[in-house]
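Worksheet for the structure shown next.
The values are calculated or read from the model by the stated rules, or taken from the named source; none is laboratory data. No experiment lies behind these values; they were computed from the predicted model shown. With ideal geometry, Cβ positions are generated from the backbone for all residues, glycine too; neighbour counts draw on all protein chains shown. The accessibility values were calculated without ligands, DNA or RNA, using every heavy atom of the protein model including side chains. Shrake-Rupley method; radii C 1.70, N 1.55, O 1.52, S 1.80 Å.
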Amino acid sequence: MKYTCSVEIDAPIEKVVALWENEAYFKEWQDGFESIELLSGSHNTEGAKSKIVFNGKRRMELTETIIKSDLPNEKKALYEHIHMTNTQTTRFESITENSTRYISEVEYTKFNGVMIKLIAKLFPSKFKEQSQKWMNQFKSFAESQ
């Protein structure tokens with residue numbers, strides 16, 4: 001399953017990227033975000049591995065491996081969870097001096113377990129809706145800074 005989401009943010013690209021990369025702000029726009037811990041490599045560089053924890057309706061731990069780190073042009077990362085594996089490519093494009101397009105391409109490559117496979121098959125839009133929700137929340141956060 002593959003999809004793309006985008007949102008236009010009324011802020012300059014440098015500001016948008018700086019806010020998006022700053023882990024101290026993740027809780028401001030990602031529901032349930034609890035922590036991120038660098039496991040290996042150097043922060044925000046290719047090959048770096050981190051453990052990300054969300055604690056919403058259920059606790060969820062992901063391992064993030066950065067594949068490419070060249071923002072604002074592109075950041076590509078692999079996310080592995082007990083129930084699924086996906087890659088996410090994030091890009092930022094300057095529209096005007098004070099306007100930025102934030103683009104996220106997500107591809108789920110593996111689902112583990114009957115329930116998650118069923119959800120992905122019957123309700124694939126739920127995955128895209130969650131991505132778009134976080135992007136919209138980031139837009140609101142970035143524009144308020």
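Observations on the model:
- By accessible area, using a 1.4 Å probe on protein heavy atoms only, region 1-101 has 45% of its surface on carbon and sulfur.
- Heavy-atom accessible surface of the chain, averaged per residue, reaches 57 Å², computed with a 1.4 Å probe.
- Simple Cβ-charge dipole of the chain, Lys/Arg +1 and Asp/Glu -1, about Cα centre, in debye nearest 20: 820 debye
- Region 15-86: relative contact order as a whole-number percent, Cα under 8 Å and 6+ apart: 20 percent
- Gap separating the Cα centres of region 102-145 and region 19-72, nearest whole Å: 15 Å
- Distance (nanometres) between label positions extended 7 Å along Cα→Cβ at LYS51 and GLN132: 3.5 nm
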